[in-house]
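The structure under discussion is supplied below as structure tokens; questions concerning it will follow.
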């Protein structure tokens, strides 16, 4: 379906999550408050300081994800503007 695509995570993920291919399901969108979002915790470094994942996904991958979401919301004609 045009509202499904795969995405391979290009950076380190928390233990147990694995760096495997993920599915984007653009027809299953939800709303989350910014105050509930936090960085992914990667544990602690050798000095005992907490480590967090701060890398962002690349522009091409984000465009691919936006296309999936637009298809899922029924706005397929808007994908030509991305």
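The values are calculated or read from the model by the stated rules, or taken from the named source; none is laboratory data. Everything numeric in this text was worked out from a predicted model, so none of it was measured. A quick note on method: Cβ atoms are made from the backbone with ideal geometry, for glycine too, and the neighbour counts reach across all protein chains shown.
Given the conditions (1) modelled with pLDDT of 95 or more; (2) out of contact with any helix residue (DSSP H, G or I) (no Cβ under 6 Å at 6 or more places or on another chain), and given that residue 70 satisfies all but one, which numbered condition is not satisfied?
With respect to (1) modelled with pLDDT of 95 or more; (2) out of contact with any helix residue (DSSP H, G or I) (no Cβ under 6 Å at 6 or more places or on another chain), residue 70 is out only on (2).
Could you list, in sequence order, the residues of the range 15-35 that are in contact (Cβ under 8 Å) with a residue 24 or more places away in the chain, part of a loop (DSSP other than H, G, I, E, B) and within 14 Å of the chain's Cα centre (by Cα)?
Within the range 15-35, 26, 28, 29 qualify.
With respect to residue 57, determine if the residue is under 16 Å from the mean Cα position of the chain (by Cα), assigned to a loop (DSSP other than H, G, I, E, B) and touching a residue at least 24 places away in the same chain (Cβ under 8 Å).
yes
Now a separate question. Would you mind stating whether residue 5 is surrounded by 11 or more Cβ atoms within 10 Å (Cβ to Cβ), touching a residue at least 24 places away in the same chain (Cβ under 8 Å), in contact with a strand residue (DSSP E or B) (Cβ under 6 Å, 6 or more places away or on another chain) and not in a strand (DSSP E or B)?
Criteria not met by residue 5.
List every residue pair whose Cβ atoms sit under 9 Å apart, with the two residues 6 or more apart in sequence or on different chains, where the first one lies in the range 36-47 and is free of Cβ contacts under 8 Å to residues at least 40 places away in the same chain and at positive phi and the second, anywhere, is surrounded by 10 or more Cβ atoms within 10 Å (Cβ to Cβ) and part of a strand (DSSP E or B).
The qualifying pairs are 43/50; 43/51.
Let me ask something else. Does the range 16-40 hold any residues that are in contact with a strand residue (DSSP E or B) (Cβ under 7 Å, 6 or more places away or on another chain) and either within 17 Å of residue 56 (Cβ to Cβ) or modelled with pLDDT under 90 (or both), and which are they?
Within the range 16-40, 21, 22, 24, 39, 40 meet the criteria.
Now for a separate question. Which members of the range 45-59 meet the condition of being under 11 Å from residue 10 (Cβ atoms) and either exposed (fewer than 10 other Cβ atoms within 10 Å of the Cβ) or in contact with a helix residue (DSSP H, G or I) (Cβ under 6 Å, 6 or more places away or on another chain) (or both)?
The one that is under 11 Å from residue 10 (Cβ atoms) and either exposed (fewer than 10 other Cβ atoms within 10 Å of the Cβ) or in contact with a helix residue (DSSP H, G or I) (Cβ under 6 Å, 6 or more places away or on another chain) (or both): 56.
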